Structures are given as structure tokens and as C-alpha cells.
1. With charges only on Cβ, +1 for K and R and -1 for D and E, what is the dipole size of the stretch 61-179 about its Cα centre, in debye, rounded to 20?
2. Under 1.5 on a/c is rounded, so check that first for the stretch 1-101, then, if it is not, pick prolate when a/b is larger than b/c and oblate when it is not; a ≥ b ≥ c are the square roots of the alpha carbon gyration tensor eigenvalues.
3. Kirkwood hydrodynamic radius of the stretch 137-200 from all distinct Cα pairs, in Å?
4. Under the rule a/c < 1.5 gives rounded, and otherwise a/b versus b/c splits prolate from oblate, where does the stretch 119-250 land using the Cα gyration tensor?
5. Rounded to the nearest angstrom and ordered from largest down, what semi-axes does the equivalent ellipsoid of the stretch 78-133 get from its C-alpha gyration tensor (root of 5λ)?
6. ³J(HN,Hα) across the stretch 58-65 via Karplus (A = 6.51, B = -1.76, C = 1.60, θ = phi - 60°), whole Hz, x for Gly/Pro?
7. Angle, helix 23-35 long axis vs. longest principal axis of the chain, Cα atoms, 0 to 90°, nearest 10?
8. Residues with amide H under 5 Å of Asn211's amide H, sequence separation 5 or more or different chain, H placed in the peptide plane at 1.01 Å from N; which?
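The values are calculated or read from the model by the stated rules, or taken from the named source; none is laboratory data. From a predicted model like this one, the values you see are computed outputs, not experimental measurements. Because the Cβ atoms are built from the backbone with ideal geometry, glycine has one as well, and the counts that use them run over all protein chains shown. Each accessible area value is taken on the protein alone, full model and side chains, heavy atoms only, with ligands, DNA and RNA left out. Shrake-Rupley method; radii C 1.70, N 1.55, O 1.52, S 1.80 Å.
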Amino acid sequence: LSRVEMKDAAVLGLLKIDILGITELTILRTICELIGWAVGDIYQIPLDDFETLRGFSELDVAGVFQFEGDSTKSILRQLPNLSFEQLVACVALSKPGPAHSGSTTKYIARARGDNRIQTLNWHPILDNVTHATNGQIIYQEQVLRIVKEIGNLSWTDTNKIRIAMSKSQGESIVEAYWPFFLKGALDNGIIQKNAVVIWDNIKTMGRWGFNKSHAVSYALLAWYSMYMKRHYQLEFYLARLLKESDELKK
């Protein structure tokens, strides 16, 4: 076989690997060349650089990877005391899963100091899983741990939920596992009313939720991009113009 469609590959049991052609990597390499850096020097950029954080706080995001969209800018505008970890969360919070479940709004409210907002910290496992995200579910990895450790689902079923979240297959795929999750939650001391609240947050992630590793990677590229924009503005814009010029020649 020389070519197989994506869905057919899954049916055949073939391994499918998405290799993203991210233009931002080329642009960052060009900036490094313009300022006399080796590409590897970019990894020395500190993740607490004040000027970079100020760029995000001021919404100076034109040309900054992943942060130009209206939803992302809206989240940035509302988050106080920005940090790199919050930028990682911001990438995930802008996706349909957290947005439709209400987790995005609740995360922001808790970040702004509103302790009246409901969290999912009713159980030691839940507290451990959601403590760093203001008691909300925003990453795929959180869903997987909760359905496995609270719902006692098998690894096979847990993986099927992961696939549904990563492919925007909708709530209906995830909803089929509710009876199994409820039984596990009750066995682990979660009352049904609270299990329903947890599940409502989980199933909405089927509309498309990000995994944290993906969010970290995107936030890191955005951080490098903003660092260059704030410290090497001329080279930042020149690299982008050169890339656009190359695209027009094709």
C-alpha cells in the first residue's frame, strides 16, 4: 500500500502519525540567523522573562503563534498575574471542550480570586488532578486520570475516550461510558450528584479538548515568538516578511 485514507488506516490497525508543518519553526530559525544565534540558543530563553510576559499582558500578539485569535485574546485579557503555566492553560482553555463545559469561565474566575466558583476538589484524586488548573478540567490527561482512577474504566475504554477528545467526535461517544463511570465513582465514595457534575465536565471534552503536552509545545513556541518580538522586533517582522515573500513565489 502506498496511500491509505486516515479513517481507513485506523480500521486496518495501521499507525498514523501527524507531522505538522509548522511555519513558526522556520520563522524562528530565520530570526536566529538574523541575530547571530545558533538555533539551539533559543532554548536558553528564560520562561520568566519580564518583557515577554508584558507582551502577552498588553495583548501584543499580532504575529505571535497561537495567540492571535479572538478567543485566546479574550482569555488573556481576563487573566491576572500571567505566567508561562497560565499561557499553557490559555491554549487549552480556548478549545471547544473547556469553553462549552464552562471550565474556561470558571478557571478565569478562580484565577481572579472568586472562591465562590465551583471546583472539582471533592476527592483526593480529583484535588490532585485539578489543583493546578483551579479545580477545573481543561486537559485530556485530566480526563484520562479521572475516568481511570475515579471511574475504574479499563485502559481500553479510557483510550477510546482519548480518541474521541482528540478527534472532536462529540459527546455521544463519551456519553456511552457514563454507566460504567458512575459505578466506579460510587465505589470510590463519590455521591451520584457529584458524579453527574464531574461527568458533565468530562463528556463535553468530546467536542475537542487539548492534551497538556500539546498545549505546552504550542505555548513554548508562542513564548519564543513573543520574546523575539519584544527583544528583536526588526528581525521578528523581517523574518515574517521573508516567509510571506517565499510563499508568494510558490
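1. Rounded to the nearest 20 debye, it is 140 debye.
2. oblate
3. 11.6 Å
4. Prolate is the answer for the stretch 119-250, as a/c is 1.5 or above and a/b outweighs b/c.
5. 17, 13, 12
6. Calculated HN-Hα couplings, in order: 8, 6, 7, 9, 4, x, 9, 3 Hz.
7. Once rounded, the angle reads 40 degrees.
8. Long-range HN contacts for Asn211: Gln140.
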